[in-house]
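Below is one structure, written out as structure tokens; the observations come after it.
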Amino acid sequence: MAARMLAFVSCIFLFTFSWYTVRTYYWINKPEIIEAGIEADKLLPEDAKVIAAYMGDTTFLYQTKRSGWPLNFDIDKKIAMGATHYVTISPTDSDLETKELSEKYTVLVRNNKYAIIDLTRKK
């Protein structure tokens, strides 16, 4: 009986302490990615392929509810592979990539939190 009780208490501690570690994997430290994802979901077609760069983290891409890439390097290659839109939470001109893309392609939304650029429509 004591062994079963010890096993039960051990399992409770195991799951409790594991949850305290794992729950941090689900924290979103930048609410802008949620806002940008909601807006992208409203604006973009269902079959859009998105470049949603957030330091390689797929969380931002997941928020757009579209398939695509979580990295923004080699954009011309990704466009050749079917990328249709670029979503970023660095919409200012200090981000050279966003600035270059917004000068080259049609900007659907750009505010102080995020930008969504249509890579299929050149200016």
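The values are calculated or read from the model by the stated rules, or taken from the named source; none is laboratory data. On a predicted model such as this, the values are computed, not experimentally measured, just so you know. FYI the Cβ positions are ideal-geometry reconstructions off the backbone, even for glycines, and counts take in every protein chain you see. The accessibility values were calculated without ligands, DNA or RNA, using every heavy atom of the protein model including side chains. Shrake-Rupley method; radii C 1.70, N 1.55, O 1.52, S 1.80 Å.
So is ILE38 open to solvent by 50 Å² or more (accessible area, probe 1.4 Å), hydrophobic (A, V, I, L, M, F, W, C), under 19 Å from ILE117 (Cα atoms) and modelled with pLDDT of 90 or more or not? Walk me through it before giving the result.
Values: open to solvent by 50 Å² or more (accessible area, probe 1.4 Å): yes; hydrophobic (A, V, I, L, M, F, W, C): yes; under 19 Å from ILE117 (Cα atoms): yes; modelled with pLDDT of 90 or more: yes.
Criteria met by ILE38.
For the range 84-107, indicate whether the set of residues that are touching a residue at least 60 places away in the same chain (Cβ under 8 Å) and more than 19 Å from ALA48 (Cα to Cα) is non-empty.
Start the filter on the range 84-107 by keeping residues that are touching a residue at least 60 places away in the same chain (Cβ under 8 Å), which leaves none.
Checked the range 84-107: no residue is touching a residue at least 60 places away in the same chain (Cβ under 8 Å) and more than 19 Å from ALA48 (Cα to Cα).
Within 24 Å of ILE89 (Cα to Cα), at pLDDT below 95 and open to solvent by less than 50 Å² (accessible area, probe 1.4 Å): which single residue out of ALA48, ALA53 fits that description?
Details: ALA48 fails: at pLDDT below 95.
Criteria check complete, one pass: ALA53.
What number goes with the only condition from (1) more than 21 Å from TRP27 (Cβ to Cβ); (2) among the basic types (Lys, Arg); (3) within 10 Å of the chain's Cα centre (by Cα) that LYS77 does not pass?
Looking at each condition in turn, LYS77 falls short on (3).
I'd like the full set of residues that are modelled with pLDDT under 85 and not polar (S, T, N, Q), limited to the range 89-113. First the steps, then the outcome.
Initial filter on the range 89-113 (modelled with pLDDT under 85): 90-95.
Selection gives PRO91, ASP93, ASP95.
Look at the range 83-105 and say how many of its residues are open to solvent by less than 30 Å² (accessible area, probe 1.4 Å) and either over 16 Å from the mean Cα position of the chain (by Cα) or among the small types (Gly, Ala, Ser) (or both).
Total meeting the criteria: 4.
Can you tell me which residue in the range 59-72 is most open to solvent (accessible area, probe 1.4 Å), limited to those that are at pLDDT 90 or above and polar (S, T, N, Q)?
Going through the range 59-72, the residues at pLDDT 90 or above turn out to be 60-70.
Restricting the remaining residues to those that are polar (S, T, N, Q) gives 63-64, 67.
Working: GLN63: 40, THR64: 0, SER67: 68 Å².
Once the filter is applied, the top-ranked residue is SER67.
Kindly state which strands (runs of 3 or more DSSP E) lie completely within the range 18-123 and contain at least 1 residues that are among the basic types (Lys, Arg).
Details: elements: 49-52, 67-69, 85-88, 105-110, 115-122.
Because the criterion is at least 1 residues that are among the basic types (Lys, Arg), the strands (runs of 3 or more DSSP E) in the range 18-123 that meet it are 49-52, 105-110, 115-122.
List pairs: first in the range 1-29 and under 29 Å from MET55 (Cα atoms), second surrounded by 10 or more Cβ atoms within 10 Å (Cβ to Cβ), Cβ under 8 Å, 6+ apart or cross-chain?
Correct list of pairs: ILE28/ILE34; ILE28/THR59.
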